[in-house]
Amino acid sequence: MTARLSPSRRESHVVSQPHLRTVVVLAAGEGKRMKSSLPKVLHPLLGRTLLGHVLAAAGPLGADRSVVVVGHGADQVREHLTEVAPGTTPVLQERQLGTGHAVRIALDAVPDATGTVVVINGDVPLLRPETVQALVEAHEDAAAAATVLAAEVPDPTGLGRIVRDVQGRLEQIVEERDATPQQRALREINAGIYAFDAARLREALGKLSTDNDQGEEYLTDVFALLRDAGEPVAVHCAADHVETLGCNDRVELAALRRLLRDRVNEGWMRTGVSILDPHTTWIDVTVTVERDAVIDQNTQLQGATVVGEGALVGPDTTLVDTVVGAGASIVRSHALGAEVGPQASVGPYAYLRPESRLGRKAKVGTFVETKKASIGDGSKVPHLSYVGDATIGDHSNIGAATVFVNYDGVRKHHTTIGSHARTGADNMFVAPVRVGDGAYTAAGSVITGDVPPGAMAVARGQQRNVEGWVLRKRAGTDAAEAARRAGEGASDTGGAASEGD
Ligand code: UD1
Ligand code: MG
């Protein structure tokens, strides 16, 4: 059975679309082989949990109801649902008595559900919305009682097999552990994704037995029951078997992550993004990258990160929930919840912490850490500095090795530097303090008081030279010898070194 519909059928389908749709996601299992205190479906995979990916794949169906069957780690799963999918209804399956039992409990929670019920195992994160949509459309167009998504896989180990009769029609779905050797040789598997007619599903679920190797109620047995009752059951083949891959342990999780990475990277490259080393570039599905951006190797883009047109990110960079303006560059750096203005430059080796905001053409250079810091257009913090709880106006320059001293041991305080200011190297700004527009500060200053606009602040000890100290106190050392030679040379030429004598 194919996903494609002829135009006339599609039209009649549209006209006669009375189908209410209910989505049921099965997520009560423990996922023993993950060996984790986190329920399997909550393991993260490039920006969403496994469960989050499944819900996203079902999203475009526009279901009237979505039910998630929870069991192991129910509280954690419920909490996650409140965050990512508040419209879904969690339904508790206290004991995991099988996938059929799970769906029965789910339907008990939505007694008025009619039309199509879409059931999806909670651990198939590579499933695409288009595929679920195609499965449901094929099911509804054929007015089938039940349709299963199937795929030909290279290695069917552990999965339920699709058993067809001589005419190629679905006969039954048999679990590997209950299968005959001939059935085990089949490579067409049940992906664990189905569409059902609600009424006929309910009826069949009431007839499930536990007469199988695991003593469980198998949802898959519904197909043989319906078929034996003369109801139309169908198989819908996934175009790409990769979409149907489940996740049972961390090795499979890593394999899924690589597959999803490749899918995501390919998608961005096709929209005009350069990814120099796709194998070491990990982009969450929640990220946006605009065209002509260049992503260099060993780079992770995560969460709500947005990379603007023509920006350069990487190598060796991690951006989390960070917005990068057009034409900006971020090299060997780490940023969390930061905003980098257009054409700004960051790194190498910068750490932008939450609420760091860089204006247009601003610069945060090497070994610089920022936090709750607004750095105005064209302003620069080029070297070895910490900027915390600060506002820096436009076109100011912060000298190397500056510390914004924001913490008094109890509370944080704010420093404000105006526009067109020039602060000297090795300054401490002891907050709260303000430096006015166009002001300068001398190198090595500890600024504890406000500096008026246009003033030069000097806050450091006066220099004192103790002449001849080394010759007197360190006689016989190489330093003393060098000083003596310098003194002789100076007296030969009458040079500057002898001038203070
Ligand atoms: C199931 C299918 C198998 C299919 C495979 C695809 C059955 C009987 N078999 O097998 O044909 O090839 O998925 O991955 O359905 N769950 C519950 N409550 C339960 C049992 C399971 O919520 O009582 C959930 C699990 O959390 C999981 C999903 O249902 O998300 C599938 O359960 P699992 O035990 O993984 O079934 P499989 O043996 O993989
Ligand atoms: Mg499974």
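Things to note:
- Restricting the range 140-167 to residues that are of a type outside the set (S, T, N, Q) and more than 16 Å from ligand 1 (Cβ to nearest atom), the residue that is surrounded by the fewest Cβ atoms within 10 Å (Cβ to Cβ): V166
- All of (1) in contact with a helix residue (DSSP H, G or I) (Cβ under 6 Å, 6 or more places away or on another chain); (2) in a loop (DSSP other than H, G, I, E, B) hold for A483 with one exception: (2).
- When residues of the range 241-277 are limited to those that are within 16 Å of ligand 1 (Cβ to nearest atom) and of a type in the set (D, E, K, R), the one farthest from K35 (Cα to Cα): E243
- Top-ranked residue of the range 383-419 - restricted to ones that are assigned to a loop (DSSP other than H, G, I, E, B) and of a type in the set (V, I, T), ranked as surrounded by the most Cβ atoms within 10 Å (Cβ to Cβ): T402
- The set of residues from the range 100-112 being more than 16 Å from ligand 2 (Cβ to nearest atom) and closer than 21 Å to Y218 by Cβ comprises R104, I105, A106, L107, D108, A109.
- Selection from the range 150-201 of residues that are out of contact with any Ser or Thr (no Cβ under 8 Å at 6 or more places or on another chain), in a helix (DSSP H, G or I) and within 16 Å of ligand 2 (Cβ to nearest atom): R177, D178
- Taking the range 175-224 as the range and being of a type in the set (A, V, I, L, M, F, W, C), farther than 16 Å from V24 by Cα and touching an Asp or Glu at 6+ places or on another chain (Cβ under 9 Å) as the test, the residues that pass are I189, A204, L208, F223, A224.
- Test result for N248, within 16 Å of ligand 2 (Cβ to nearest atom), touching a strand residue (DSSP E or B) at 6+ places or on another chain (Cβ under 6 Å) and closer than 26 Å to L45 by Cα: no
- Selection count where residues are outside any loop (DSSP other than H, G, I, E, B), among the polar types (S, T, N, Q) and closer than 14 Å to V340 by Cβ, scope the range 297-329: 3
- Here the condition is being more than 16 Å from ligand 2 (Cβ to nearest atom) and touching a residue at least 60 places away in the same chain (Cβ under 8 Å); of R21, R78, R33, R65, it holds for R21 alone.
- You will find that of L127, L97, the residue that is closer than 17 Å to R48 by Cβ, among the aliphatic types (A, V, I, L, M) and either within 16 Å of ligand 2 (Cβ to nearest atom) or part of a loop (DSSP other than H, G, I, E, B) (or both) is L127 and no other.
- Any hit, the range 364-376, residues being part of a loop (DSSP other than H, G, I, E, B) and not aromatic (F, W, Y): yes
Just so you know, all these numbers are worked out from the coordinates, no wet-lab data involved. Because the structure is predicted, anything quoted here is derived from the model rather than measured. We place every Cβ from the backbone using ideal geometry, glycine too, and count neighbours over all the protein chains shown.
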